[in-house]
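For reference, the structure is listed below as structure tokens.
The values are calculated or read from the model by the stated rules, or taken from the named source; none is laboratory data. Quick caveat: nothing in here was measured; it's all calculated off a predicted structure. Every residue, glycine among them, receives a Cβ derived from its backbone with ideal geometry; neighbour counts consider all protein chains shown. Heads up: the accessible areas ignore ligands, DNA and RNA and are worked out on the full protein's heavy atoms, side chains in. Shrake-Rupley method; radii C 1.70, N 1.55, O 1.52, S 1.80 Å.
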Amino acid sequence: MGGYTRPMLTLGIETSCDETGVALYDSQRGLLGQALHSQVAMHERYGGVVPELASRDHIRRIVPLTRQVLQEADCTLAQVDAIAYTEGPGLAGALLVGAAVGTALGYALGKPTIGVHHLEGHLLSPLLSADPPAFPFVALLVSGGHTQLLKVEAVGVYTLLGESVDDAAGEAFDKSAKLLGLGYPGGPAIARLAEQGHSGRFGLPRPKLHSGDLDFSFSGLKTAVATRIARGLPDDQARADLACEVQTAIVEVLVAKSMAAVQACGLRTLVIAGGVSANRHLRAQLDAHALRQGIRVHCPEPALCTDNGAMIAFAGALRLQAEAALAQPAPITAPRAVTGFDIRPRWPLSSLPRPGENRASN
Ligand code: KG4
Ligand code: ZN
């Protein structure tokens, strides 16, 4: 990416939920290394993330993963120019691990640290690809807890076009998977089972498909799935058909609203990000509809869709570089006396300032 004031090596740390991610991003050479540890196997038997177990596992993994990334990138800590960690939103205990390690490293190295908004990480991750989209674009952000359509004009210049009024699309996948007796996380499990099924056998609702706005609602879908299961599913084929219908219903609404958002903004570029954007049916349907309407769709490679350290390193680097270009001091500069650090378990993306603007406090 051009426009940087000087080359900068950023260490990114992600610990907001059930993945410990570390990465090194160089503003000129790109991603130099990344490592990820997923806690899925640990949480699986509980049917979802157990926050206390998540925090403890982040503590165990973060230092070995950081060493691994430095080794892979053939770098030393002394070469790192800045440290970015996920400040929120997410699980408080899990966030504290990344924030504590990031802040301590920054203090010890005398380098700036920056707290990154997890969703901004997702939102900007498509810019890491070999063929990055140009601003402005419309972004469909579909993670476990958020479903939002945004107009993205520059780093930090985001307009919310629509969002879910209740459950997120990822939640609809996860809750439907649980009702079907599938494992956690539910999205990939539903997608796998759906491959053996056919849509159309069970008429699930397409909530808000024709609402005329760009908002979503997915909680009714989960209720419809529960009702259908309570009436009895005769065999494995019926389970696969229901999984397929869940995926089809969610994807149909996401695609229709995304296309409408791009048209409403008079733009021609759509970017998708967040865990659900790894869904192959969603990617295929978006591609098909976009082709017909002359819209270009940018999807991050699947490993960058779900949580990772690379997107945090990258978003932190973009923010620090934007601040530097404005000749503003970095939001948090080191060395400084470590009197504490912020985490923001609840942090709406809409409250994120543009580079150079002061952050609103909690
Ligand atoms: O962005 P992410 O990794 O974590 C959050 O920030 O929430 O998103 C996790 C969500 C979960 O709901 C998971 O079921 C969903 O992304 N997901 C998928 C797929 N892979 C992950 N949903 C549908 N199809 C997939 N292939
Ligand atoms: Zn995420």
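For the reader, a short list of remarks on this structure follows.
- Condition met for Ala273 (open to solvent by 10 Å² or more (accessible area, probe 1.4 Å) and under 19 Å from Ile295 (Cα atoms)): no
For (1) within 11 Å of ligand 1 (Cβ to nearest atom); (2) surrounded by fewer than 20 Cβ atoms within 10 Å (Cβ to Cβ); (3) over 18 Å from Asp235 (Cα atoms), each residue gets a yes or a no:
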{"position": "Gln148", "(1), (2), (3)": "no, no, yes"}
{"position": "Ala168", "(1), (2), (3)": "yes, no, yes"}
{"position": "Lys178", "(1), (2), (3)": "yes, yes, no"}
{"position": "Gly183", "(1), (2), (3)": "yes, yes, yes"}
{"position": "Ile190", "(1), (2), (3)": "yes, no, no"}
{"position": "Ser211", "(1), (2), (3)": "no, yes, yes"}
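- Selection from region 260-275 of residues that are touching a residue at least 24 places away in the same chain (Cβ under 8 Å) and either out of contact with any Phe, Trp or Tyr (no Cβ under 7 Å at 6 or more places or on another chain) or basic (Lys, Arg) (or both): Ala260, Ala261, Val262, Gln263, Ala264, Cys265, Arg268, Ile272, Ala273, Gly274, Gly275
- Note on region 262-313: residues that are more than 26 Å from Thr113 (Cβ to Cβ) and among the aliphatic types (A, V, I, L, M) amount to 16.
- Test: residue in region 305-322 that is open to solvent by 10 Å² or more (accessible area, probe 1.4 Å), part of a helix (DSSP H, G or I), among the hydrophobic types (A, V, I, L, M, F, W, C) and within 16 Å of ligand 2 (Cβ to nearest atom): no
- Test: residue in region 240-249 that is within 12 Å of ligand 1 (Cβ to nearest atom) and open to solvent by 50 Å² or more (accessible area, probe 1.4 Å): no
- Close Cβ contacts (under 6 Å, 6 or more residues apart or on different chains) running from residues in region 29-52 that are under 14 Å from Lys178 (Cα atoms) to residues that are assigned to a helix (DSSP H, G or I) comprise Val49/His43.
- Each residue in region 159-196 was checked for being of a type in the set (Ser, Thr, Tyr), more than 21 Å from Thr227 (Cβ to Cβ) and within 16 Å of ligand 2 (Cβ to nearest atom), and 1 pass.
- Apart from one condition, Asn279 fits all of (1) in contact (Cβ under 8 Å) with a residue 24 or more places away in the chain; (2) within 21 Å of the chain's Cα centre (by Cα); (3) farther than 30 Å from Leu65 by Cβ; (4) within 16 Å of ligand 1 (Cβ to nearest atom); the exception is (3).
- Any chance Glu153 is without any contact (Cβ under 8 Å) to a residue 60 or more places away in the chain and over 29 Å from Gly220 (Cα atoms): yes
- Test result for Ala273, away from ligand 2 (no atom under 16 Å from the Cβ) and under 16 Å from Val251 (Cα atoms): no
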